[in-house]
Amino acid sequence: MRWSQYYLPTMKEIPLGTEAISHQLLLRAGLVHMLTSGVYSYLPFGYRVLKRIETIIREEMNAIGAQELFLPCLQPIELWQKTGRDQTMKDVMIRFEDKRGRKMCLGPTHEEVITDLVKDHVHSYRQLPVVLYQIQTKFRDEIRTRFGIVRACEFIMKDAYSFDRDKTGLERNYRLMYGAYEKIFQRCGLETAIITADSGAMGGDVSHEFMVPAMIGEDVIMRCPSCHAVSGTNEQHVEDKLCSQCHKGKLEKQVAIELGHIFQLGTKYSQAQGAVFLDEHGKQQPIIMGCYGIGVSRLISAVIEKNHDGAGIVWPLAVAPFTVEILPVQILEKEIMDLANAYYQDFQKAGWEVIMDDREESAGRKFNDADLIGIPWRVTIGKRNLAAGKVELKNRRTSEIVLVAKEQVQKMLQEVFL
């Protein structure tokens, strides 16, 4: 991608009304644009990050046998009335009446919809287990939107659902999801704290939250500095109390953001909506369900929150929108642009995602923007170094800059990527 032809509006100043570093950088680096409070457009740069994260999620979901589908956002209120969640979630539901007089809502989540779908098609124990997932937009009328896309009125979520004949099957799928979530967050460059959690309005008696310590968080976890054990806050886990695991360190309170939550739902939704199957004895039984969610859009904020410095974003390679940035300093110099274009073609042939800053801007503006958008590797082609047959190679994470013979650049980068 050539920057001169790419829609990537960067900002020098910190936007007014932004308190979180990730929110500031999302706007300044041209990832998102705020339409109104809690509602954001994803610009091409941010959309690339979103798709990289979605790809990681899909790969790990598919690896455990989950099948992707896509459910509607428009949902009849009568479905929610069957489970009683038309009342428990009424404060955040966006409701309306359509032209036919039907009472509808924009889906804040999809448990009722997926249960309605499965009950119409699964009737025998031979059809179980079933594990389905989607990556879909959710809508919630949040009274207090915060930290940009972390708590928004319209957001993207991965939700998966397992349907089993018995608790043994549920526990198996739950373990598979637990492991897949660990891999997803690890691949995104995030170290998560996994805690036992309250199931709340979702239902069920077992659930776990996947948390990342970050200032944009709205939850609190307790961490032992000695053995690094983590837990939620309750009467047994309070600040300055001796850790119950190692009996050495005193628990410390940390603010954290919830990125994932998994639940053993049991039969709450299947019983309410009549999702049943015939067992091997011909007896009717309620399907046993699990639910597994990841806040996809807020994952972007968490990655930035944990991967930035004073100059801008420092993308982990796996989620970076581009792999390499080529920065020709003097674009009017034919020798410089010939080499830049040669790199551009060669890197693309190697399968790398490449952006070239071919704008007619000052060197200072280009360098500042390069650090702001945080591409993992930068190749800088300047007149002085090129006269000696060399170019600069910068590692964005370490800020290390090395001079490399112009013929050796691709080889060196190839070694890094492999």
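The table for this structure:
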quantity: Solvent exposure ordering (accessible area, 1.4 Å, most first) of Trp80, Trp352; calculated: Trp352, Trp80
quantity: Solvent-accessible area per residue, Å², over the chain with all protein chains present [probe radius 1.4 Å]; calculated: 47 Å²
quantity: Two-decimal log10 I(q)/I(0) for the chain, as the Debye equation yields it once each C-alpha is a single scatterer, q = 0.07, 0.14 Å⁻¹; calculated: -0.42, -1.24
quantity: Point-charge dipole on Cβ atoms (K/R +1, D/E -1) for the range 233-371, about Cα centre, debye to 20; calculated: 860 debye
quantity: Mean shadow area of the range 10-59, taken as a quarter of the surface of its Cα convex hull (nm²); calculated: 3.9 nm²
quantity: Stretchable slack from Arg175 to Thr233, in nm (0.36 nm times residue separation minus alpha-carbon distance); calculated: 18.5 nm
quantity: Nitroxide proxy distance, nm - points 7 Å out along Cα→Cβ at Leu332 and Phe96; calculated: 5.4 nm
quantity: Under-5 Å amide H pairs with Val206, H placed in peptide plane, nonlocal only; calculated: Gln264
quantity: Mean Cα-pair separation over length for the range 1-137, i.e. relative contact order, pairs under 8 Å, 6 or more apart, %; calculated: 20 percent
quantity: Principal axes of the range 350-418: Cα extent on each, largest first, Å; calculated: 32, 28, 23
quantity: Relative packing of peptides 127-134, 335-342 - highest average C-beta neighbours within 10 Å first; calculated: 127-134, 335-342
quantity: Protection-proxy order for peptides 371-377, 63-69, 322-328, 113-119, each taking the mean of Cβ atoms within 10 Å per residue, highest first; calculated: 322-328, 371-377, 113-119, 63-69
quantity: Cβ-isolated cysteines (cut-off 4.7 Å), the chain; calculated: Cys73, Cys105, Cys153, Cys188, Cys291
quantity: Kirkwood Rh (inverse of mean 1/r, distinct Cα pairs), the range 244-291, angstrom; calculated: 14.6 Å
quantity: Bins of 10 Å, starting at 0 and running to the largest distance - Cα pair percent for the range 1-152; calculated: 9, 27, 30, 23, 9, 2, 0
quantity: Protection proxy ranking, peptides 155-162, 303-310, average beta carbon neighbours within 10 Å, highest first; calculated: 155-162, 303-310
quantity: Relative contact order for the range 230-308, counting Cα pairs under 8 Å that sit 6 or more residues apart, in percent; calculated: 24 percent
quantity: Percent of alpha-carbon pairs separated by more than 18 Å within the range 286-418; calculated: 57 percent
quantity: Sulfur and carbon atoms: percent of accessible area, the chain [1.4 Å]; calculated: 49 percent
quantity: Size of electric dipole in the range 276-355: Cβ of Lys, Arg +1 and of Asp, Glu -1, about Cα centre, debye, nearest 20; calculated: 340 debye
quantity: Rounded if a/c under 1.5, otherwise prolate or oblate - the range 321-365, Cα gyration tensor axes; calculated: oblate
quantity: Centroid-to-centroid separation of the range 144-197 and the range 215-293 [C-alpha atoms, Å]; calculated: 11 Å
quantity: Percent RCO, i.e. relative contact order, over the range 106-228, from Cα pairs under 8 Å lying at least 6 residues apart; calculated: 17 percent
quantity: Dipole axis of the chain (+1 Lys, Arg; -1 Asp, Glu on Cβ), positive-most option in Thr18, Phe147, Gln410; calculated: Gln410
quantity: Theoretical ellipticity at 222 nm over the chain - DSSP helices of four or more residues, -39500 (n - 2.57) apiece, nearest 500; calculated: -9000 deg cm²/dmol
quantity: Overall form of the range 130-254 per C-alpha gyration tensor (a/c, 1.5; a/b vs b/c); calculated: oblate
quantity: Three-way shape call for the range 215-336 based on the alpha-carbon gyration tensor, with the a/c threshold at 1.5; calculated: oblate
quantity: Over 31 Å between alpha carbons, listed pairs Lys306/Lys334; Lys306/Lys394; Lys90/Lys250; Lys138/Lys250; Lys82/Lys138; Lys51/Lys334; calculated: Lys306/Lys334; Lys90/Lys250; Lys138/Lys250; Lys51/Lys334
quantity: Cross-link reach list, lysines versus Lys167, counting only Cα pairs under 20 Å and skipping chain neighbours closer than eight places; calculated: Lys119, Lys268, Lys283
quantity: Whole-angstrom gap from the range 22-82 to the range 360-413, using each part's C-alpha centre; calculated: 33 Å
quantity: Check: the chain dipole with +1 on Lys, Arg Cβ and -1 on Asp, Glu Cβ, in debye; calculated: 300 debye
quantity: Proximal lysines to Lys349, defined as alpha-carbon separation beneath 17 angstrom and excluding residues fewer than eight positions away on the same chain; calculated: Lys411
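The values are calculated or read from the model by the stated rules, or taken from the named source; none is laboratory data. Everything numeric in this text was worked out from a predicted model, so none of it was measured. A quick note on method: Cβ atoms are made from the backbone with ideal geometry, for glycine too, and the neighbour counts reach across all protein chains shown. Surface accessibility is based on the protein's heavy atoms, side chains included, excluding ligands, DNA and RNA. Shrake-Rupley method; radii C 1.70, N 1.55, O 1.52, S 1.80 Å.
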